[in-house]
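FYI, it's all coordinate maths here, none of it is from the lab. Keep in mind that this is a model prediction, so the values were computed, not measured. Virtual Cβ from ideal backbone geometry, glycine too; neighbours counted across all protein chains shown.
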Amino acid sequence: MKNLRVLQEKPAAEFKPVQMQGFAMLGIGKCGWVKKSIPEVGPYDALVRPLALAPCTSDIHTVFEGAIGERHNMILGHEAVGQVVEIGSEVKDFKPGDRVIVPAITPDWRSIEVQNGYHQHSGGMLSGWKFSNFKDGVFGEYFHVNDADMNLAHLPDDIPLQSAVMLSDMMTTGFHGAELANIPIGGSVAVLGIGPVGLMAVAGAKLRGAGRIIAVGSRPVCIEAAKFYGATDIVDYHDGDIVEQILKLTGNKGLDSVIIAGGGSDMLEKAVRITRPGGTVANANYFGTGDILPVPRLAWGCGMAHIDIRGGLCPGGRARMERLVDVVRYNRVDPGKLVTHVFKGLENVEKALMLMKDKPKDLIKPVVLV
Ligand code: NDP
Ligand code: ZN
């Protein structure tokens, strides 16, 4: 009798067509629309339709710099909130019609690496990043989510879609920079780069109790947002060497914590140079060039300065997203300030992606409402 009731209460999966459209990487340097079969769901999976999408700087690295190697006709995108369309037989906590936050990182929760504490690397280094890496991403009419109960989070009605979509990657990544940075209460922090990731690192550093927060960037829209999120000092990297500028600000002492969230492969070296002995360098940036990342020998105390160098892919999964929901619901941080451009309709995902590539002066982050 009990089982029968459960069966009757379960809403029927909605009608869906067989084929769908998606905006894809056709090959390195090329993207366009493709038609594909709608993904099948396994027993633990869900099929989701996007409600809001955002392109990421990582999508640009993927398509235009070949960051993850060659891919053909792979649907792009890993930042989404959506609505569940279909669930597998073993999914317990979600049903068709539910609105959900979809993390950029959707690990296999049954893996040795997860048991070792690094879900981002479940199944091998960086393997928790599946969308638009190992499988089709979210820039389609539908997309597949593995292990739905472990990876999706319910989206509360009181968080606007365009703010919610900032949780799946920008907020978790920026906050992770702050988490890795070992910030003492009242500690001094520099955030190198204040695009959306760096801005969330500024907000994360403030949440973690930082005192002084020096933000490095140049575009006025980002500088204004950095101040909004908690930056106390701004350094423009066009005004001269940031190492000199920041050391001057700290009376040559250096900082407790430095978070890298932009710039090229020389940023690691610069970060070490502005960190005090015993401090921490935390990297959230993608280093796209060079086989070796140089570390300055003397500034690193010939290897004995107790300056930790850390870096990591952003955390994903359900528990992480639920915590970020509470950060927003309880008014700790408003990610909506990141969104400078809003488009309507899936077809505009292409325009939004190109904005992310060109980074016009007034852009922090574009969102597409579907
Ligand atoms: P943006 O390109 O929007 O921002 C980059 C920032 O770096 C801007 O503020 C820019 O300033 C600044 N910058 C550029 N060159 C320099 C320089 N030479 N010195 C100091 N600052 C500089 O990037 P996002 O915020 O979108 O992403 C940042 C990085 O994070 C990317 O590499 C992205 O791939 C990576 N990423 C990492 C993730 C992870 O899990 N670890 C997840 C998502 C993204 P200005 O605009 O004024 O020129
Ligand atoms: Zn991303």
Computed helical MRE - 222 nm, the chain, DSSP H runs ≥ 4 contributing -39500 (n - 2.57), nearest 500: -7000 deg cm²/dmol
Contact order normalised by residue count of region 152-228, Cα under 8 Å, 6+ apart, percent: 30 percent
Value of D in µm² per second that Stokes-Einstein yields for region 22-64, Kirkwood Rh from Cα pairs, at 4 °C (1.567 mPa s): 103 µm²/s
Angle in degrees between helix 220-229 and the longest Cα principal axis of the chain, rounded to the nearest 10: 80 degrees
Relative contact order [Cα under 8 Å, 6+ residues apart], region 173-325, whole percent: 24 percent
Globularity index of region 185-226, i.e. its alpha-carbon radius of gyration over 2.2 N^0.38 Å: 1.05
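Highest mean first, what order results for 44-53, 187-196 on Cβ atoms within 10 Å?
Numbers: 44-53: 24.0, 187-196: 27.8.
With the highest mean Cβ count within 10 Å placed first, the list reads 187-196, 44-53.
Any idea what the relative contact order of the chain is, in percent, if you count C-alpha pairs under 8 Å spaced at least 6 apart?
On the way: 907 pairs, mean separation 64.4, N = 370.
It comes to 17 percent, rounded to a whole number.
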With 20 Å bins from 0: P(r) over the chain, alpha-carbon pairs, percent: 30, 56, 14, 1
Pairs beyond 25 Å (Cα-Cα), from Lys95/Lys351; Lys36/Lys351; Lys344/Lys365; Lys95/Lys206; Lys206/Lys270: Lys95/Lys351; Lys95/Lys206
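How large is the direction-averaged shadow of the alpha-carbon convex hull of region 165-307, in nm²? Provide the component values of the computation, followed by the final result.
Values: hull surface 32.5 nm².
Averaged projected area of region 165-307's Cα convex hull equals 8.1 nm².
At 4 °C and 1.567 mPa s, what whole-number value in µm²/s does Stokes-Einstein give for the translational diffusion of region 78-206, with Rh from the Kirkwood sum over Cα pairs?
Numbers: Rh = 16.0 Å.
The Stokes-Einstein estimate is 81 µm²/s.
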Rounded to the nearest 20 debye, dipole of region 71-229 from Cβ charges on Lys, Arg, Asp, Glu: 680 debye
Rg over Rh, two decimals, region 222-269 (C-alpha only, Kirkwood Rh): 0.94
